[in-house]
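Please treat every number below as a calculation from the coordinates, not as lab data. Note that the structure is predicted; figures quoted are calculated from it, not measured. With ideal geometry, Cβ positions are generated from the backbone for all residues, glycine too; neighbour counts draw on all protein chains shown.
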Amino acid sequence: MATAAGRLALLALLALVFAPLGPAAAEKDTLTIGMPSDVPIFDTHRATGLYNGSVLNQVSEPLVLLSSKGEAQPWLAESWEQSKDGKTWTIKLRKGVKFTDGTPLTAEAVKFSLERFRKHSIGKATLAVVESITAVDEHTLRLTTRAPYAPLANTLGYHWIVVYSEAQIKKVGDENLHTAPVGSGPFKFVHHKRGQEVRLEANDQYWAGKPRLRTVISRPYPDISARVLALESGDVDLIFQVPPQEAARLARNPNLVVYTPPTARVIWLYLNTQKEVFKDRRVRQALYHAIDRAAIVKSVFAGTATPLHSPGPAGSYGYTETHDHYGYDPEKARRLLREAGQPSLTFTVHHTPGRYLLSGQVLEAIQGYLKQVGVTMKIMDLEWGTLSQQAALPVERNPVQAALFGWRSVNGDIDSAIQDFGSRFWRPAGNNLSFYKNEEFDRLLEQEQGALDAKKRLAMLSRMQEILMEDAPAIFLYGEPQIWAAKKSLKGLDWNPLESLFPLHRAHFED
Amino acid sequence: MLRLCLTRCLAGVPALLLVTVLVFAVIRLIPGDPARLLAGDMATEETVAELRQRWQLDRPLPVQYAAYLERLARGDLGRSTATSLPVAGELAERFGRTLLLAAAAILVAATLGVLLGILSATRRGSGLDVVATVLALAGVSTPIFWSGLILILLFSVQLPWLPAGGTGGLSHLVLPAVSLGLFGAGVIARQTRSSMLETLGQEFVRTARAKGLAERAVVYKHALKNAMIPVVTVLADQFGRMLGGAILTETVFSWPGMGRYLIEAIAMRDYPVIQGIILVFASSFLVVNLLLDISYVLLDPRVQLE
């Protein structure tokens, strides 16, 4: 009898010990993400430098979400309308949305957050066109702009412009919001141990539906190989910025899956049109013909990048491929160079290794293509801090002949990608590193931003792309891929073109 | 001893002051503008100008330096330009983790290195000596980013025993400490071997053997203590370097210590952070050197410190 009881006790003990391994184990409900860098500060309005929308936007959300096609979709804002004169926007907010501290999301709260963004953010220039913000009633917001500005709705999808609880900001103090941010997102902030991890927990009252995951953790893995190994070892479930070569290997792993959603980051070879070597448009066109963009995408990026046929990004609002007449044609390139009197052109390209995905290999490929048409391109590698300062110098002192730069649209509208070729954006005032000036383009730029008729505006955007393709102030090379890899069991993910994850309330693990 | 500590600390003050001048000047001499780096893709001239003003980078350098020294005297290291958070808090946390990693790594390095060194010195020319020499050479010449990745591949991916990186419990410390320690062990093994060989050839060792002491006592009691001085010097030097942050190890193992902090700060030209880190680094070197001098006295009574 006693021994039977003893056996029973032993069995019970064994059952306890091995319980976690049995089939009764609970469904996995913690998502761990491996990111290239830590969130510098958990407050998008005060965020500076690199930062991570995928994690921050789970806590606080923007008014609109940008679709992968660059269209503004209703989110915290249910609808919006631009007035006849184009200068007033009436925004209807979604009703019944609450911040996770229980306070309601009202027009007043949104106004407070937008103004806070305009006060602190280093990206505040994105809303510089806004003149005033008024809360009309509890769920109606009115924005007036200095001039008609068509891309405003898209701009509100920029993931820095999010809404935080006003009550929480007042409670913890404006400067300390990053220690306990409160928004209306699918997850609530638990802690941010700097350099180690960000931890979020489910917001069961989330307006778009109760999240299926209980916990989201984000950890920085700055080394690419270490990040990939962390996924393979199972330390993390999802990683960002996978190199294309590794992506091909990971895709063969039956437990993993690789995603390459479209991105708004484009890579351009800027040509300084005020330098003697590039003054003649035919030289710039020759370079375009000499480089086989499709082959670079295929060989260097294993097909994961997207060739550009306009300044891009491909898929952004207003993007058109119809004006790209630059097939790979070395013979034509040689002829154009001869006509321009520069049959053996030599120039230097500035470049920061490691800043853009595989940019070194891309430049070497370009160097090879140019060699075939008699052009010598020297590559000068400079650390980013140094190059960014040199490239910012005004035209008479700017040493840069050509530079490989990446650039990301903030609002999914092609306007934000091409406006920098306006002559008033010459460096250092803006990002026109080509020091390009074209009067028709400048005029169209002013008109396009104020255009109220979407059709007319699209026609103007198309003409502007045509001018840029014709004049070639830069070689518009390709859209950089954003490559994520995840466990196959992880479902319900979606991305926006700004390289961040959509709200994760539908994400879950399947067996 | 106490007087020694006090005088050395006082003598350290001008040295540290010199360090502040040098660092302050050098980081401003190298090209790059923190305001422009921070403003990034969004850079408008207005934003850049506003940031420069916010951090008072628009003021003359001597004025900036005076303001920096004044804050420093009050124990204020300023705020990071990249995150706008106070430097001191984060620096303390990062230094703590670097100290932990360095201590663990030096433990691995000293244990392995000294053992290996003694073994190959006492069995000079034997197969064991050859194996130990090859091992030490491999330790010194294996790049850390490679050995680190191999360790992760073996012990995190193939055999899921240890985490692939990050921080947390003791298990997170094992791989980075071993990876960093193996490198140090190689250097220490070589030093121990040559120092031991020299000592074993000296008169007093022959005397010890002649009076009939067991070989074990001769080696470990008499010879080892005398051979230790150069070894301790190498150890201290390594430890001092590690306190500056083992950049490669910290990167591969996602260990948020001082090394990565410094790299990130330099990339962003985050002046207050760079100044803070270098100051801590310089101070810890002073402390390690002081400890080294004290250890000489303990090891060799003939050494006088006054």
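Give the Debye-formula value of log10 I(q)/I(0) at each listed q (0.16, 0.20, 0.22 Å⁻¹), with one equal scatterer per alpha carbon of region A:102-191, two decimals each.
Here log10 of I(q) over I(0) equals -0.69, -1.04, -1.22.
When averaged across all projection directions, what area in nm² does the alpha-carbon convex hull of region B:1-130 cover? Before the final figure, lay out each step's value.
Numbers: hull surface 57.6 nm².
Approximately 14.4 nm², given one-decimal rounding.
Looking at the protein assembly as shown only, what percent of DSSP beta bridges run antiparallel? Nearest 5 please. Walk me through the intermediate numbers first.
Details: 57 of 75 bridges.
If I count the DSSP bridges inside the protein assembly as shown, around 75 percent turn out antiparallel.
Using r as the Cβ-Cβ distance of B:ASP76 and B:ALA210, and R0 as 45 Å, what FRET efficiency do you calculate, to the nearest 0.05?
On the way: r = 64 Å, r/R0 = 1.43.
Once rounded, the FRET efficiency stands at 0.10.
How would region A:371-483 be classified by its alpha-carbon gyration tensor: rounded, prolate or oblate, with rounded meaning a/c under 1.5 and the a/b versus b/c comparison settling the rest?
Prolate.
Can you show me the helix-derived [θ] at 222 nm for chain B, built from DSSP H runs with n ≥ 4 at -39,500 (n - 2.57) apiece and divided by the number of residues, rounded to the nearest 500.
Working: 13 runs with 220 residues, N = 306.
So the helix-based figure for chain B works out to -24000 deg cm²/dmol.
Can you pull the Kirkwood radius for the protein assembly as shown, inverse mean 1/r over Cα pairs, to one decimal in Å? Walk me through the intermediate numbers first.
Details: mean 1/r = 0.0332 Å⁻¹.
Mean inverse Cα-Cα distance, inverted, gives 30.1 Å.
For chain B, modelled as a GNM with alpha-carbon contacts under 10 angstrom, which of B:GLY139, B:GLY257, B:GLY78 fluctuates the most?
B:GLY78
Under a cut-off of 16 Å between alpha-carbon atoms, report the lysines in cross-link reach of A:LYS487, not counting same-chain residues fewer than 8 places apart.
A:LYS28
Can you work out the Karplus-derived ³J(HN,Hα) for every residue in region B:207-215? Use 6.51 cos²θ - 1.76 cosθ + 1.60 with θ = phi - 60°, whole Hz, and x for glycine or proline.
Using θ = phi - 60°, the values come out as 4, 4, 5, 4, 7, x, 5, 5, 4 Hz.
So which aspartates and glutamates can A:LYS84 reach, going by Cα to Cα under 15 Å and dropping same-chain residues fewer than 8 places off?
Within the straight-line cut-off, A:LYS84 pairs with A:ASP453.
Please state the shape class of chain B: rounded when a/c is under 1.5, otherwise prolate if a/b exceeds b/c and oblate if not, all from the C-alpha gyration tensor.
oblate
How large, in Å, is region B:232-306 by the Kirkwood hydrodynamic radius built from its alpha-carbon pairs? Let's see the in-between values first.
Details: mean 1/r = 0.0723 Å⁻¹.
Across region B:232-306, the inverse of the average 1/r is 13.8 Å.
In peptide B:78-91, how many Cβ atoms from other protein chains are near each Cβ within 10 Å, on average? Working shown, then result.
Details: counts 0, 0, 4, 2, 5, 12, 9, 7, 0, 0, 0, 1, 2, 0.
Taking all residues of B:78-91 together, the mean is 3.
Over the Cα atoms of region B:189-251, what is the Rg over Rh ratio if Rh follows Kirkwood? Each step should come with its number before you reach the end.
Values: Rg = 16.1 Å, Rh = 13.3 Å.
That ratio is 1.21, to two decimals.
On C-alpha positions alone, give me the angle between the axis of helix B:61-73 and the longest principal axis of chain B, in degrees, nearest 10.
60 degrees
Once the Cβ-Cβ distance between A:SER79 and A:LYS119 is put in as r, and R0 is 30 Å, what FRET efficiency do you end up with, to the nearest 0.05?
Values: r = 27 Å, r/R0 = 0.91.
The value I calculate is 0.65.
For region B:258-275, just list the computed ³J(HN,Hα) in residue order, Karplus coefficients 6.51, -1.76 and 1.60, θ = phi - 60°, integers in Hz, with x standing in for Gly and Pro.
6, x, 5, 4, 5, 4, 5, 5, 5, 4, 9, 6, 7, 3, x, 5, 4, 4
Shielding of A:427-433 by partners, i.e. mean partner chain Cβ atoms within 10 Å per residue?
Working: counts 2, 6, 4, 3, 4, 0, 0.
Mean inter-chain Cβ contacts per residue within 10 Å come to 3.
A 26 angstrom limit on the alpha carbon distance is what I want to check against. Which of A:LYS210/A:LYS491; A:LYS111/A:LYS437; A:LYS98/A:LYS171 exceed it? If you can, show how the numbers build up before the last one.
Values: A:LYS210/A:LYS491 16 Å; A:LYS111/A:LYS437 38 Å; A:LYS98/A:LYS171 17 Å.
The answer is A:LYS111/A:LYS437.
May I ask for the Rg/Rh ratio of region A:146-200, computed from Cα atoms with Rh as the Kirkwood radius, given to two decimals? Intermediate results must be reported in sequence, preceding the final value.
On the way: Rg = 14.8 Å, Rh = 13.5 Å.
Radius of gyration over Kirkwood radius for region A:146-200 works out to 1.10.
What value, in deg cm²/dmol to 500, does the helix sum -39500 (n - 2.57) over DSSP H runs of n ≥ 4 give at 222 nm once divided by the residues of chain A?
On the way: 15 runs with 148 residues, N = 511.
Mean residue ellipticity, 222 nm, calculated: -8500 deg cm²/dmol.
For A:HIS350, A:HIS508, A:HIS45, A:HIS191, what's the fewest-to-most ordering of other Cβ within 10 Å of each Cβ?
The most exposed by this proxy come first: A:HIS191, A:HIS508, A:HIS350, A:HIS45.
From the P(r) of region A:142-274, can you give the percent of Cα pairs sitting at distances over 25 Å? Walk me through the intermediate numbers first.
Working: 4681 of 8778 pairs.
In whole percent, the long-distance tail amounts to 53.
So who's got an amide H within less than 5 Å of the one on A:ASN432, skipping anything under 5 residues away but keeping other chains? H placed 1.01 Å off N, in plane.
Under 5 Å from the amide H of A:ASN432: A:TRP426, A:ARG427.
Amide H neighbours of A:LEU490 under 5 Å, counting only residues 5+ apart in sequence or on other chains, H built in-plane at 1.01 Å?
Residues meeting the criterion, in which the H sits 1.01 Å from N, are A:GLU510.
Which is the longest run of chain B containing none of the trypsin sites (Lys or Arg not before Pro) found in DSSP loop states (not H, G, I, E, B) with at most 10 other C-beta atoms within 10 Å?
On the way: sites that count: B:ARG74, B:LYS211, B:ARG302.
No qualifying site falls inside B:75-210, the longest such stretch.
In nanometres, what is the gap between the two model label sites at A:GLU131 and A:GLU108, each 7 Å from Cα along Cα-to-Cβ?
Placing both labels 7 Å along Cα→Cβ, they lie 2.6 nm apart.
Given R₀ = 25 Å, what would the calculated FRET efficiency be for B:ALA92 paired with B:CYS9, taking r from the Cβ atoms and rounding to 0.05? Walk me through the intermediate numbers first.
On the way: r = 20 Å, r/R0 = 0.79.
Computed FRET efficiency for B:ALA92 and B:CYS9: 0.80.
Within 10 Å of each Cβ in peptide A:227-239, how many partner chain Cβ atoms are there on average? Round it to a whole number, please. Before the final figure, lay out each step's value.
On the way: counts 3, 3, 8, 8, 2, 6, 13, 5, 10, 3, 0, 0, 0.
That works out to 5 on average.
Which entries of A:LYS298/A:LYS332; A:LYS92/A:LYS124; A:LYS275/A:LYS456; A:LYS170/A:LYS193; A:LYS124/A:LYS193; A:LYS95/A:LYS119 have Cα-Cα distances beyond 31 Å here?
Values: A:LYS298/A:LYS332 23 Å; A:LYS92/A:LYS124 23 Å; A:LYS275/A:LYS456 35 Å; A:LYS170/A:LYS193 23 Å; A:LYS124/A:LYS193 27 Å; A:LYS95/A:LYS119 27 Å.
Long pairs (Cα-Cα over 31 Å): A:LYS275/A:LYS456.
Taking amide H atoms as placed 1.01 Å from N in the peptide plane, list the residues 5 or more away in sequence, or in a different chain, whose amide H sits under 5 Å from that of A:TRP495.
Here A:PHE502 satisfy the definition.
Which of the lysines could be linked to B:LYS225 by a straight reach, that is with a Cα gap under 21 Å, when you skip same-chain ones fewer than 8 residues away?
Excluding near neighbours in sequence, the set is B:LYS211.
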